[in-house]
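Student: Take a look at the following structure, please.
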Amino acid sequence: MIATVSLYGTADAAPTGEPRPWGSNDYQQGQGTVPASAFGASAVSAGGITHLALKDGGVVAWGNNSYGQATVPAAATSGVSAIAAGWAHGLALKNGGVIAWGNGFYGQNVVPAAATAGVTAISTSAYFNLALKNGGVLSWGSRTAVPATVSSGVTAIAAGVDHGLALKNGAVLGWGGNAKGQITVPSAATSGVTAISAGFRHSIALKNGAVIAWGDNTYGQASVPPEAQSDVVAIDSGYNHNVVLKADGSVFAWGSNLKQESRDTSSEPPMDMWKFSGVCTPVYAVSAGDGTGVALVDPAAPQFC
């Protein structure tokens, strides 16, 4: 639910491709709904009910528009360098300033003055946003407080539904809701971590090509399968599932499968149902939402793998 996580590192360095969603299509955000204007995108972000793509510096949105979240403001149609989709709102980063639109139940679409300049990264998933500025974390929306430990030296951020994560000196720091232990960082994630992502009530981290997961395990989202224990280059948490991008350009997803967003273990052998949405190698980047995912795929890749 953050901005694109990419095989090529940053969203700017990723090649352009075709966004191919899988999982839920309850709000016309899924397979067969991607507007042609999103083809050739360099980044994707899966939200709760609306997805975003970044193409030539402009944001493209599709899915539910009940709160205007699929109506991209003029300011976000050029010069944008990063995107992040929430439950029913969107964020864009432009010239160091955050642009927000859509749902504002908790003021998540009202950008504080501190986030209008100097910002280098953004993250959101539901009702609050995080921004990284001068190594310190800013927060607004349903959760505004951040601990003093993330006021400097932070290199990455991840917003969950009611908890936040920061990466500092290779260690994961968490704050906010902890009903399922989602901010109780395991010792393995206190050094050597290179990427983080926060879900509904669980968290994941990337260390030496392997995923570490903790928190809610109702759907198996905190139980890391063998496929995610090596050669992983990028990670993202949806609400109750996770998606990883492997070094060979393939994708693996696990956790909740209520909307066919993950591996279907009811069959023998288990099937990755999202592959029927055309998420076939080579995949350049992935993002996970609420029962959904979006991959940025080589346009020449087959529709069924």
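Student: Cut-off 10 angstrom, C-alpha nodes, Gaussian network model of the chain. Which of Ala36, Ala188, Ala210 fluctuates the most?
Tutor: Ala36
Student: Can you tell me, using C-alpha contacts under 8 Å and at least 6 residues apart, the relative contact order of region 18-295 as a whole percent?
Tutor: Numbers: 838 pairs, mean separation 39.5, N = 278.
Relative contact order, region 18-295: 14 percent.
Student: Cα to Cα, under 17 Å, and not fewer than 8 places away if on the same chain: which lysines meet these conditions relative to Lys168?
Tutor: The qualifying lysines are Lys133, Lys207.
Student: With point charges of +1 on the Cβ of Lys and Arg and -1 on the Cβ of Asp and Glu, referenced to the Cα centre of region 18-295, which listed residue (Gly48, Tyr239, Val161) lies farthest in the positive direction of the dipole?
Tutor: The residue sitting most towards the positive pole is Val161.
Student: Using the heavy atoms of the protein chains alone and a 1.4 angstrom probe, what is the accessible area of region 18-295 per residue in square angstrom?
Tutor: 34 Å²
Student: Let me ask another. Counting only protein heavy atoms and using a 1.4 Å probe, what share of the accessible area of the chain belongs to carbon plus sulfur, as a whole percent?
Tutor: Values: 5720 of 10890 Å².
In the chain, the share of accessible area belonging to carbon and sulfur is 53 percent.
Student: Would you calculate the volume per residue, in Å³, of the smallest convex hull containing every Cα atom of region 18-295?
Tutor: Values: hull volume 30.9 nm³, N = 278.
Here the figure is 111 Å³ per residue.
Student: Here's something else I'd like to know. Using the Karplus equation 6.51 cos²θ - 1.76 cosθ + 1.60 (θ = phi - 60°), what ³J(HN,Hα) coupling, rounded to whole Hz, does each residue of region 88-95 give in order, writing x for Gly and Pro?
Tutor: Couplings: 8, 8, x, 10, 9, 10, 9, 6 Hz.
Student: Once you mark the chymotrypsin sites (Phe, Trp or Tyr not before Pro) that are in a DSSP loop and have at most 14 other Cβ atoms within 10 Å, what is the longest gap between them in the chain?
Tutor: Working: sites that count: Phe105, Phe304.
The longest uninterrupted stretch comes out as 106-303.
Student: If you place +1 on the Cβ of every Lys and Arg, -1 on the Cβ of every Asp and Glu, and leave all else neutral, what size is the dipole of region 173-304 about its Cα centre, to the nearest 20 Debye? Walk me through the intermediate numbers first.
Tutor: On the way: 7 positive and 11 negative charges, 65 e Å.
Once rounded to the nearest 20, the dipole reads 320 debye.
Student: Using the crude model of +1 on Lys and Arg Cβ and -1 on Asp and Glu Cβ, and no other charge, please compute the dipole size for region 1-147 relative to its Cα centre, in debye to 20.
Tutor: On the way: 5 positive and 4 negative charges, 46 e Å.
Here the size comes out at about 220 debye.
Student: What residue among Glu268, Glu227, Glu18 has the largest mean-square fluctuation in a Gaussian network model of the chain, using Cα springs under 10 Å?
Tutor: Comparing Glu268, Glu227, Glu18 in the GNM, the peak value goes to Glu268.
Student: How large is the charge dipole for region 18-295, taken about the Cα centre, if only the Cβ atoms of Lys, Arg (+1) and Asp, Glu (-1) carry charge, to the nearest 20 debye? Spell out each step's value before the answer.
Tutor: Working: 13 positive and 14 negative charges, 127 e Å.
So the magnitude is around 620 debye.
The values are calculated or read from the model by the stated rules, or taken from the named source; none is laboratory data. Nothing here was measured: the structure is a model prediction, and the numbers come from that model. FYI the Cβ positions are ideal-geometry reconstructions off the backbone, even for glycines, and counts take in every protein chain you see. Surface accessibility is based on the protein's heavy atoms, side chains included, excluding ligands, DNA and RNA. Shrake-Rupley method; radii C 1.70, N 1.55, O 1.52, S 1.80 Å.
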